[in-house]
There are 2 protein chains.
Amino acid sequence: MQDLEITFLGTGSAVPLPNRGHPSIHLRYSGYRFLWDCGEGTQVQLRRAKLSSLKISHVFITHWHGDHFLGLPGLIQSMNLEGRTKSLVVFGPKGIDEFMPRILELGYYDKTYEVEYWEAKPGILWETEEFTVSAFPVEHGTPAVGYVFQEKPKRKMLEDKLRELGIPRGPLWGELQRGNEIEWEGKIIGPEQVTLEIPGRKIVYTGDTRPCEATIEAAKDADLLIHDATFSHDVLERAKETWHSTAREAGRIAREAGVKQLVLTGFSKRYKDEELVKLWEEARKEFDNVVIARDLEKVVL
Amino acid sequence: MQDLEITFLGTGSAVPLPNRGHPSIHLRYSGYRFLWDCGEGTQVQLRRAKLSSLKISHVFITHWHGDHFLGLPGLIQSMNLEGRTKSLVVFGPKGIDEFMPRILELGYYDKTYEVEYWEAKPGILWETEEFTVSAFPVEHGTPAVGYVFQEKPKRKMLEDKLRELGIPRGPLWGELQRGNEIEWEGKIIGPEQVTLEIPGRKIVYTGDTRPCEATIEAAKDADLLIHDATFSHDVLERAKETWHSTAREAGRIAREAGVKQLVLTGFSKRYKDEELVKLWEEARKEFDNVVIARDLEKVVL
């Protein structure tokens, strides 16, 4: 199974702290490297995490508040300096046609590669044989989306059963693996008889949002839900005013979506590192498997 | 005497390293706080240096390469979040009327204060009773300036001499301190007879540049010259191609300008921290009093 590696480059919110940068998450899967959000300082964080910026294929921006995308102009320009030639694909919600032209025309630099950009409308944005990336709408008082990485299911060949039926290794195996029926010695053999379907992994990132139904739906049975947890529940009103979530609310969403693990991120600067345990405890009242994201930490699924 | 405090927030060049950020220098003098350049990450560096971004009165950008100004959008937006009301003044060379409107319209945010901006044409840009800030043209293959902070001279009253002449403390002393002649007991008393002129301090920052006459002229007798030293002299051709200086060239400029101290900055990522001593040794062949700038170091004059 391919490694699916998630690196938290920045786990802060609007005002960055020295050890808690503006939001950015790096996903590595197969030949693909994505950024989910790209706050100021992302290019240095990539370097700290020993991740190559040149290998990033796609950037997905959740919304157009500066803390979520102001690392993009510098990242794009540095990749020019380093001689990138491969085009870069950027997705973001409504507003992208207004902001990307400005992002691409900040200062003088030579362009060595193309930057393509499209609006991230709800639904599938990118699809390969191995996975899809989709957007879903979230509630942040400004056009905002969350993102879903969904690995496609794989079929493991049950060799004992295939041998029992006498089906020879070759094109017929390929058909079955792709999920198609075959005819063998006058009988129809379905893939469910001789293969085991392994469900694909699913990672969901909300960006900044109030807790919402769309997240529960998008995160159904996800392996990992990375959810806004800017505040603790004792300042719920502040969370509502600023269209963020409390850790407790993130816990409830994780439980209702039936995810395997919840990662809290997007912490307000009001919480010192040692106080984040309070947010963890709070989310744990709603859901068991909770992790606090910290800058430069990796999760491998 | 007022402290004149210079903090190096970023001492790198085009590609930032974890311990050597994009260029920015903080100057504190009297009630004023300036930034000279504002590369990506400046807002976090200010926080690391325990300097308040809200107190910054002026930002002076040397040129419109991203590494010298891409921290500005985030800094401006964060100051809004923190409730700044005092206007901010930004100077930069030709191009400012094109780039500042884009910088100010990156993403959605509420504006709580005004950002005023003007082109930094050679000559005095800002003058108070205590100092001037001027721009001078440098050579970087793009519109680019350096900046001079010049404290005005002060007159120290020589009390013994004043008593000897019998001039009473009061308005006459004030006239002499402002550098004017007075009449006392039928005689003209010049300020040079009863006061000592203390020359003002002068700090010069080149930004990125080839060594040039304009810097020698601007830096004449400066207390501190902060000069581009991106490369060592063994890659002089590379320095020429990219419109930067070598450490040795910076040393020559310091000598020819007759400055008191030279600070080298703007180092290429090709030099590890421990290799910067090589650049120091090289500059020392031309000029004695050389310092290597490092991120978050302060100089107090």
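Derivation of every value follows stated rules applied to the coordinates shown; laboratory data play no part. Everything numeric here is computed off the predicted structure, so don't read it as measured data. Neighbour counts run over all protein chains shown; Cβ positions are idealised from the backbone, glycine included.
GNM on chain B, C-alpha springs below 10 Å: top fluctuator among B:Lys269, B:Lys156, B:Lys94?
B:Lys156
What residue among A:Gly66, A:Gly21, A:Gly39 has the largest mean-square fluctuation in a Gaussian network model of chain A, using Cα springs under 10 Å?
A:Gly66
If we sort A:105-113, A:23-31, A:184-192 on the protection proxy, mean other Cβ atoms within 10 Å, highest first, what's the order?
Working: A:105-113: 15.3, A:23-31: 21.4, A:184-192: 11.9.
Going by the mean number of other Cβ atoms within 10 Å, highest first, we get A:23-31, A:105-113, A:184-192.
Using only alpha carbon pairs under 8 Å that are at least six residues apart, calculate the relative contact order of the stretch B:1-131 and give it in whole percent.
Values: 242 pairs, mean separation 24.0, N = 131.
Once divided by the residue count of the stretch B:1-131, the mean separation gives 18 percent.
What does the extension gain come out to for B:Arg294 and B:Gln2, with contour length at 0.36 nm per residue minus their alpha carbon separation?
Working: separation 292, 0.36 × 292 = 105.12 nm, distance 2.41 nm.
Taking B:Arg294 through B:Gln2 to full extension adds about 102.7 nm, to one decimal.
At 7 angstrom along the Cα-to-beta-carbon line, where would the label on A:Gly141 sit relative to the other copies? Give the distances in nm, shortest first.
Between copies, matching label points for A:Gly141 lie 4.6 nm apart.
Just the C-alpha atoms of the stretch A:166-263: what Rg/Rh do they give, with Rh taken as the Kirkwood radius? Could you put the intermediate results ahead of the total?
On the way: Rg = 21.8 Å, Rh = 16.2 Å.
Computed over Cα atoms, the ratio is 1.34.
In whole Hz and in residue order, list the ³J(HN,Hα) couplings for the stretch A:175-192 that follow from phi through the Karplus curve 6.51 cos²θ - 1.76 cosθ + 1.60, θ = phi - 60°; x for Gly and Pro.
Karplus values, whole Hz, x for Gly and Pro: 4, 4, 5, 7, x, 9, 6, 10, 10, 9, 6, x, 10, 8, 10, x, x, 5.
Given charges of +1 on the Cβ of Lys and Arg and -1 on the Cβ of Asp and Glu, with all other atoms neutral, how large is the dipole of the stretch A:154-197 about its Cα centre, in debye to the nearest 20? Write out the running numbers ahead of the final one.
Numbers: 8 positive and 9 negative charges, 42 e Å.
With only Lys, Arg, Asp and Glu charged at Cβ, the dipole is about 200 debye.
Can you give me the Cα centroid spacing of the stretch A:1-77 and the stretch B:31-110 in angstrom?
With the stretch A:1-77 and the stretch B:31-110 each reduced to a Cα centre, they are spaced 22 Å.
Once the label point is placed 7 Å from Cα along Cβ, list for A:Leu196 the distances to the corresponding points in the other copies, in nm, shortest first.
Counterpart label points of A:Leu196 in the remaining copies fall at 9.1 nm.
How big is chain A by the Kirkwood estimate over distinct Cα pairs, in Å?
Details: mean 1/r = 0.0489 Å⁻¹.
Here the Kirkwood hydrodynamic radius works out to 20.4 Å.
Work from the charge dipole of the protein assembly as shown (Cβ charges, +1 for Lys and Arg, -1 for Asp and Glu, about the Cα centre) and give the residue of B:Thr132, B:Gly83, A:Gln45 farthest towards its positive end.
After comparing all options, I get A:Gln45.
For B:Ile189, what charge total do you get from the other residues with a beta carbon under 11 Å from its beta carbon, if Lys and Arg give +1 and Asp and Glu give -1?
Values: positive: B:Lys161, B:Lys187; negative: B:Glu175, B:Glu181, B:Glu183, B:Glu185, B:Glu192.
Charge balance near B:Ile189 sits at -3.
Take A:Glu127 and B:Glu275, extend 7 Å from each Cα along the Cα→Cβ direction, and tell me the distance between the two endpoints in nm.
Here the answer is 4.9 nm between the modelled labels.
Between B:Asn180 and B:Arg284, how high is the FRET efficiency from 1/(1 + (r/R0)^6) when r is the Cβ-Cβ distance and R₀ = 51 Å? Nearest 0.05. Present the calculation step by step, with values, prior to reporting the outcome.
On the way: r = 45 Å, r/R0 = 0.88.
Efficiency computed from Cβ-Cβ geometry: 0.70.
Each label point is 7 Å from the Cα along the Cα-to-Cβ direction; what then is the distance between the points at B:Lys55 and B:Lys152, in nm?
2.3
According to the square roots a ≥ b ≥ c of the eigenvalues of the Cα gyration tensor, what is the shape class of the protein assembly as shown, taking rounded for a/c under 1.5, prolate for a/b larger than b/c otherwise, and oblate for the remainder?
Details: a/c = 3.17, a/b = 2.17, b/c = 1.46.
It comes out prolate by the Cα gyration axes.
Just want to confirm a number: the relative contact order over chain B, from Cα pairs under 8 angstrom separated by 6+ residues, in percent. Kindly include the intermediate steps, with their values, before the conclusion.
On the way: 698 pairs, mean separation 50.3, N = 301.
Across chain B, relative contact order equals 17 percent.
Sequence gap at least 6, Cα distance under 8 Å: using those rules, report the relative contact order of the stretch B:154-197 to the nearest whole percent. Numbers along the way, then the final one.
Details: 48 pairs, mean separation 21.7, N = 44.
Value for the stretch B:154-197: 49 percent.
Any idea what the dipole of the protein assembly as shown comes to, in debye rounded to 20, about its Cα centre with Lys/Arg Cβ at +1 and Asp/Glu Cβ at -1? Please list the in-between numbers first.
On the way: 80 positive and 94 negative charges, 204 e Å.
The dipole of the protein assembly as shown has a size of about 980 debye.
A:Leu4: net charge of surrounding residues, Cβ under 9 Å, Lys/Arg +1, Asp/Glu -1, itself excluded? Spell out each step's value before the answer.
Numbers: positive: A:Arg28, A:Arg201; negative: A:Asp3, A:Glu5, A:Glu151, A:Asp223.
Result for the neighbourhood of A:Leu4: -2.
Please list 3J(HN,Hα) in residue order for the stretch A:255-269, calculated via the Karplus relation 6.51 cos²θ - 1.76 cosθ + 1.60 where θ = phi - 60°; whole Hz, with x for glycine and proline.
Each residue's phi maps through the Karplus curve to give 5, 5, 7, x, 7, 7, 9, 10, 10, 8, 8, x, 6, 4, 5 Hz.
Evaluate peptide A:15-21: per residue, the Cβ atoms of other protein chains within 10 Å of its Cβ; return the mean as an integer. Don't jump to the answer; show the numbers that get you there.
Details: counts 9, 6, 3, 4, 2, 1, 2.
Per residue, the average neighbour count from other chains is 4.
Can you compute the charge dipole magnitude of chain A about its Cα centre, using +1 on each Lys and Arg Cβ and -1 on each Asp and Glu Cβ, nothing else charged? Give it in debye, rounded to the nearest 20. The partial results should precede the final answer.
Working: 40 positive and 47 negative charges, 135 e Å.
With Lys and Arg at +1 and Asp and Glu at -1, about 640 debye.
Could you list which residues have their amide H under 5 Å from that of B:Val90, counting only those 5 or more apart in sequence or on another chain, with H placed in the peptide plane?
Placed amide hydrogens put B:Val59, B:Glu116, B:Tyr117, B:Trp118 under 5 Å from B:Val90.
When each copy gets a label point 7 Å from Cα toward the beta-carbon at A:Glu164, what are the spacings between them in nm, shortest first?
11.8
Please compute the length gained on full extension between A:Glu192 and A:Asp221, using 0.36 nm multiplied by the number of residues separating them and subtracting their Cα-Cα distance.
Full-extension gain reported as 8.3 nm.
Grab the alpha carbons of the stretch A:154-197, take their convex hull, and tell me the volume per residue in Å³.
Values: hull volume 2.6 nm³, N = 44.
Taking the convex hull of the Cα positions in the stretch A:154-197, it is 59 Å³ per residue.
Please enumerate, by chain and number, the lysines with C-alpha under 17 Å from the C-alpha of B:Lys121, excluding those fewer than 8 residues away in the same chain.
Leaving aside lysines fewer than 8 places away in the same chain, those within reach of B:Lys121 are B:Lys94.
If you plug each phi of the stretch A:62-70 into the Karplus form 6.51 cos²θ - 1.76 cosθ + 1.60 with θ = phi - 60°, what whole-Hz ³J(HN,Hα) values come out, in order, with x for Gly and Pro?
Per residue, the Karplus-derived 3J(HN,Hα) values read 7, 6, 9, 8, x, 5, 9, 8, 6 Hz.
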